[in-house]
Amino acid sequence: MKKLSPSAACDRLGKGLAAGSEDIETLTETEQETELLGSALAACLVQGDVVALVGELASGKTTITRGIARGLGVPDAVPITSPTFTLINEYHGSMNIYHVDTYRLNRPEEFVSLGYEELLDPDGVTVIEWAEKIEDLIVGEYWRVDLSHAGESSRRIAIRRISPSLNR
């Protein structure tokens with residue numbers, strides 16, 4: 001895995017990332033850099049894409065989601081918040097964004113009971129926080145973003161395309 005600066009990671013995302021290709025790994029020093037990386041990822045997304053966010057508490061999952069939303073045209077006036085208690089937030093930009101938080105789910109079956117097939121509908125992009133809880137339910141190619149603490153405001157972020165035909 002090649003480590004890139006945040007701006008180089010954004011440039012690399014701008015050129016596309018194929019499933020099974022080398023991961024992108026970067027270290028963001030600020031919340032703004034994390035959000036900009038999300039915006040760069042948004043430029044790669046098409047309707048029907050799923051973004052699986054994996055990381056510990058306060059690792060930047062909602063921040064990168066805010067960047068994705070802004071990159072997909074959700075106005076700055078619309079707050080992007082974690083749907084921990086509502087489970088799903090929907091935003092409207094250049095396409096619909098379904099922001100799902102599975103933190104409070106105990107079993108993958110609970111996600112199924114939410115009607116997850118509709119959330120993975122191709123009329124928008126689905127961003128899932130705590131995706132490791134339901135990752136086995138995601139079918140087809142998807143984006144996996146691993147986030148971890150690397151200091152008080154720094155985050156280590158790895159982005160890759162996952163294909164069901166490749167090992168997860």
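Restricting attention to the stretch 53-63, does a residue exist that is over 19 Å from SER148 (Cα atoms), touching a strand residue (DSSP E or B) at 6+ places or on another chain (Cβ under 6 Å) and touching a residue at least 12 places away in the same chain (Cβ under 8 Å)? Break it down into steps so the answer makes sense when it comes.
Just the residues of the stretch 53-63 that are over 19 Å from SER148 (Cα atoms), to begin with: none.
Checking the stretch 53-63: not a single residue is over 19 Å from SER148 (Cα atoms), touching a strand residue (DSSP E or B) at 6+ places or on another chain (Cβ under 6 Å) and touching a residue at least 12 places away in the same chain (Cβ under 8 Å).
Mind counting the residues in the stretch 73-96 that are outside any loop (DSSP other than H, G, I, E, B), within 15 Å of THR63 (Cβ to Cβ) and in contact (Cβ under 8 Å) with a residue 24 or more places away in the chain?
0
Please identify the pairs in which a residue from the stretch 129-143 that is over 16 Å from GLY48 (Cβ atoms) has its Cβ atom under 7 Å from the Cβ atom of a residue that is of a type in the set (D, E, K, R), counting only partners at least 6 apart or on another chain.
Correct list of pairs: GLU129/LYS61; GLU129/ASP101; TRP130/ASP101.
Filter the stretch 102-140 down to the residues that are charged (D, E, K, R), within 20 Å of LEU57 (Cβ to Cβ) and modelled with pLDDT of 70 or more, then identify the one that is farthest from the chain's Cα centre (by Cα).
The selected residue is LYS133.
Regarding GLY151, is this residue farther than 24 Å from ALA58 by Cβ, of a type outside the set (A, V, I, L, M), modelled with pLDDT of 80 or more and part of a loop (DSSP other than H, G, I, E, B)?
Working: farther than 24 Å from ALA58 by Cβ: no; of a type outside the set (A, V, I, L, M): yes; modelled with pLDDT of 80 or more: yes; part of a loop (DSSP other than H, G, I, E, B): yes.
No.
Could you please find all residues in the stretch 37-90 being at pLDDT 95 or above and at positive phi?
GLY73
The values are calculated or read from the model by the stated rules, or taken from the named source; none is laboratory data. These numbers were taken from a predicted model, which means no experiment stands behind them. FYI the Cβ positions are ideal-geometry reconstructions off the backbone, even for glycines, and counts take in every protein chain you see.
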